[in-house]
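To start, the structure itself, in structure tokens.
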Amino acid sequence: MKDLMTSLGYQFQDLMLLRTALTHKSFSSEHNERLEFLGDALLNLYVTEYLYDRFDSLDEGKLTQFKATIVSRENLTEIAQNIGLPNFIRTGKGERLDGNSIPGNAFEALIGAVFLDSNYSKTNRFLNKLLKENLLNLEEGADLKDPKSKLQEYLQKRNLQLPSYSLKQKG
């Protein structure tokens, strides 16, 4: 745990909070879902406040795109990987960390744990350190919409019929 705290740049006063943040529900009934709930809210507030202050010329739609990119499950999982979080997550037998949301969820739980262990200001400093690269890469002119959204907007602007989508089973 000391290695993780060094990597995070944050020393927990209450190690049980850290342990709980790293515990998946498949491992124990004392798991991280409540901390994840709290961490998700804190992350959204932090990112929203950051974007609002940094990009005063952008409208709500663009700010929402930026926020969605930063708080996306894929991005949170990547951050978790970068700080080595999966090496510390406790899961039940047969539960895999690859290809699912467990590392990203644990990262959110970690945010909640930092907040409960300290305060809002220290949590913001913690997030600033871990999200710094993500936040610096945002540019006002960037188009972060996924291809499906772009297609739908294109068709709507031209009063054309929207596509219908169907799922194909892997096989």
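The values are calculated or read from the model by the stated rules, or taken from the named source; none is laboratory data. Source: prediction; values computed, not measured. For neighbour counting, all protein chains shown are included, and Cβ atoms are generated from backbone atoms with ideal geometry for every residue, glycine included. Each accessible area value is taken on the protein alone, full model and side chains, heavy atoms only, with ligands, DNA and RNA left out. Shrake-Rupley method; radii C 1.70, N 1.55, O 1.52, S 1.80 Å.
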Exercise. Starting from the Cα gyration tensor of the chain, take the square roots of the eigenvalues, sort them a ≥ b ≥ c, and report rounded, prolate or oblate (rounded when a/c is under 1.5, otherwise prolate if a/b is larger than b/c, else oblate).
Key: oblate
Quiz item: Can you give the helix-only mean residue ellipticity at 222 nm for the chain, where every DSSP H stretch with n ≥ 4 adds -39500 (n - 2.57) and the sum goes over all residues, rounded to the nearest 500 deg cm²/dmol?
Solution: -18500 deg cm²/dmol
Exercise. Return the FRET efficiency for the residue pair Glu95, Phe55: r is the Cβ-Cβ distance, R0 is 25 Å, and the value is rounded to the nearest 0.05.
Key: 0.05
Self-check item: Residue-normalised accessible area of the chain, expressed per residue, 1.4 Å probe, Å²
Solution: 64 Å²
Quiz item: Hey, rough spin-label estimate for Thr48 and Leu167, points 7 angstrom out along Cα→Cβ, what's it come to in nanometres?
Solution: 3.0 nm
Quiz item: What are the residues whose amide H is under 5 Å from the amide H of Arg90, where those residues sit 5 or more places off or on another chain and H is modelled from the backbone?
Solution: Thr23, His24
Quiz item: Quick one: with all protein chains in place, what share of the accessible area of region 1-106 is carbon or sulfur, to the nearest percent (1.4 Å probe)?
Solution: 49 percent
Exercise. Can you list which of the GluC sites (Glu not before Pro) found in region 51-143 are DSSP loop residues with at most 16 other C-beta atoms within 10 Å?
Key: Glu95, Glu139, Glu140
Quiz prompt | Cα-based helix-to-principal-axis angle, 73-82 vs the chain, degrees rounded to 10 | solution = 40 degrees
